[in-house]
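Each remark here refers to the structure printed beneath this line.
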Amino acid sequence: MAMLEIKDLHVHYGVIEALKGISLEVNEGEIVALIGANGAGKTTTIKSIVGILEFSEGDILIDSKSIKKNPIECKKVMAYIPDNPDLYEALTGIQYLSFIADIYKISKEQREKLIKYYGDKFELTKYLGDLISSYSHGMKQKLAIISALIHKPRLLILDEPFVGLDPKASHTLKEIMRELCNEGSAIFFSTHVLEVAEKLCDKIVIIKEGKIVAEGTTE
């Protein structure tokens, strides 16, 4: 079943048409990469999927619901990690994760279990009591990833997720992505790193100048 369906999507920035009628699907259990040069339309596509950007034509369905007509319902089952996450730096790591868990109405027991699990995986647990303002870029990236995972999203959207992560954290994230998909979630992410796409993905989509020029299995 398709967790994400993009149907004939057009996005304009003024007179410039950034996306020229793209269509694609991501099914349950699939990891799909979006590859393209800078300015090809990767981030525009991702921001449209998660409801940040308005689009002029077409539709985006998350779990069969339109992001335009049912934005809250769509966002309940989805998580988004931008390429440069903005976090509330006056909070500690654990306060930030608790805030996100409150938004998604996650039980105390469930959040404690998942924060411990992912905190240990990313070697961040001992720093969760520290202010986010004291974190390095890589630590902030890890915190953003954990915040996206604690409600067990059915659709995970990532924009250049491996930028700023050390090799060990990158490996951990790849393992977790595959784990999530084995449990039935779907993942759609943009990347410049062809090797990552090749080793990790079930399908690859190539975008150029706002159009999809190739898509299919990794083979």
Query raised in the report: At a Förster distance of 30 Å, what's the computed FRET efficiency of Glu175 paired with Asn70, Cβ-Cβ distance as r, to 0.05?
Result: 0.40
Query raised in the report: Applying 1/(1 + (r/R0)^6) with R0 = 30 Å to the Cβ-Cβ distance of Tyr88 and Lys20, what FRET efficiency is obtained, to the nearest 0.05?
Result: 0.25
Query raised in the report: In straight Cα distance, which lysines are under 20 Å from Lys116, not counting same-chain residues fewer than 8 positions off?
Result: Lys105, Lys108, Lys126, Lys140, Lys142, Lys152, Lys168, Lys174
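Please return the longest stretch of the chain lacking exposed loop sites, where trypsin sites (Lys or Arg not before Pro) count only if DSSP places them in a loop and at most 11 other Cβ atoms lie within 10 Å.
Numbers: sites that count: Lys69, Lys105.
Counting only loop sites that pass the neighbour cut-off, the longest clear stretch is 106-219.
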Query raised in the report: Which percent of the accessible heavy-atom area of the stretch 91-186 goes to carbon and sulfur, probe 1.4 angstrom?
Result: 56
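Taking 0.36 nm per intervening residue step and subtracting the Cα-Cα distance, what contour gain separates Thr218 from Asp202 on full extension?
Extra length available between Thr218 and Asp202 comes to 5.2 nm.
Per residue, how much accessible area does the stretch 13-68 show when a 1.4 Å probe rolls over the protein heavy atoms, in square angstrom?
On the way: 2360 Å² over 56 residues.
Accessible area per residue: 42 Å².
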Report task. Please work out how much length the chain gains when fully extended from Lys211 to His10, using 0.36 nm per residue of separation minus the C-alpha to C-alpha distance, in nm with one decimal. Result -> 71.4 nm
Query raised in the report: What do you reckon, how do Thr92, Thr217 stack up by accessible area (1.4 Å probe), largest on top?
Result: Thr217, Thr92
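The values are calculated or read from the model by the stated rules, or taken from the named source; none is laboratory data. As the structure is a computational prediction, the values presented were derived from the model and not from experiment. As a convention, Cβ positions derive from the backbone with ideal geometry for all residues, glycine included, and neighbour counts pool all protein chains shown. Each accessible area value is taken on the protein alone, full model and side chains, heavy atoms only, with ligands, DNA and RNA left out. Shrake-Rupley method; radii C 1.70, N 1.55, O 1.52, S 1.80 Å.
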